[in-house]
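> If you scroll down you'll find the structure; I have some questions about it.
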């Protein structure tokens, strides 16, 4: 039995308006398009998520919702986890370690730089700065999310909108 984790950096957001909180920034037109395209990409690959978890920041929630719509995942079931916003790698790892073991395939929508650092930490792969709406597909040979830790994952793919041919 193995676990599959997709780490998705939220899509491109508009610049912060005067007086606007970073938390409230929305996706720009490219971010909206790329989130939909990434969802179509998951759909083409017949990826099914047992759980989609997102930062509650507006740009992450919008990314998760647009992806969900494309794969027919009920957007009301997206779990918004406040710990993910401005999380450290350690905090993101704790979120993963607490996932329910009956979930074999999970998508987490989060922010840079932590999401990029986490992917590298878990796999030992050189990924660099994940682009907006970039997604790392990781596999773990374990039956329990609690066993996921440094170097235990394998990077299967790193995809981002510019690589998609549609």
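The values are calculated or read from the model by the stated rules, or taken from the named source; none is laboratory data. All values reported here derive from a predicted model rather than from experimental measurement. Cβ: placed from backbone, ideal geometry, glycine included. Neighbour counts: every protein chain shown.
> Let me spell it out: the conditions are (1) touching a helix residue (DSSP H, G or I) at 6+ places or on another chain (Cβ under 8 Å); (2) in a helix (DSSP H, G or I); (3) without any contact (Cβ under 8 Å) to a residue 24 or more places away in the chain, and residue 16 meets all of them except one. Which number is the exception?
The single condition residue 16 does not satisfy is (2).
> Take the conditions over 18 Å from residue 23 (Cβ atoms), in contact with a helix residue (DSSP H, G or I) (Cβ under 7 Å, 6 or more places away or on another chain) and surrounded by fewer than 21 Cβ atoms within 10 Å (Cβ to Cβ) and apply them to residue 69. Does it pass? Quick ask: steps written out before the conclusion?
Details: over 18 Å from residue 23 (Cβ atoms): yes; in contact with a helix residue (DSSP H, G or I) (Cβ under 7 Å, 6 or more places away or on another chain): yes; surrounded by fewer than 21 Cβ atoms within 10 Å (Cβ to Cβ): yes.
Yes, satisfied.
> From the list 4, 36, which residue is in contact with a helix residue (DSSP H, G or I) (Cβ under 6 Å, 6 or more places away or on another chain) and either at pLDDT 95 or above or part of a strand (DSSP E or B) (or both)?
Criteria check complete, one pass: 36.
> Then there is this: For segment 72-109, what are the residues that are over 14 Å from the mean Cα position of the chain (by Cα), closer than 19 Å to residue 150 by Cβ and either buried (at least 17 other Cβ atoms within 10 Å of the Cβ) or without any contact (Cβ under 8 Å) to a residue 40 or more places away in the chain (or both)?
88, 90, 91, 94, 99
> Select from segment 38-57 the residues that are farther than 22 Å from residue 162 by Cβ and without any contact (Cβ under 8 Å) to a residue 40 or more places away in the chain and list them in ascending order. So that I can check it myself, show each step before the final result.
Narrowing segment 38-57 to residues farther than 22 Å from residue 162 by Cβ: 46, 48-57.
If the condition is that a residue be farther than 22 Å from residue 162 by Cβ and without any contact (Cβ under 8 Å) to a residue 40 or more places away in the chain, then 46, 56 are the ones that fit.
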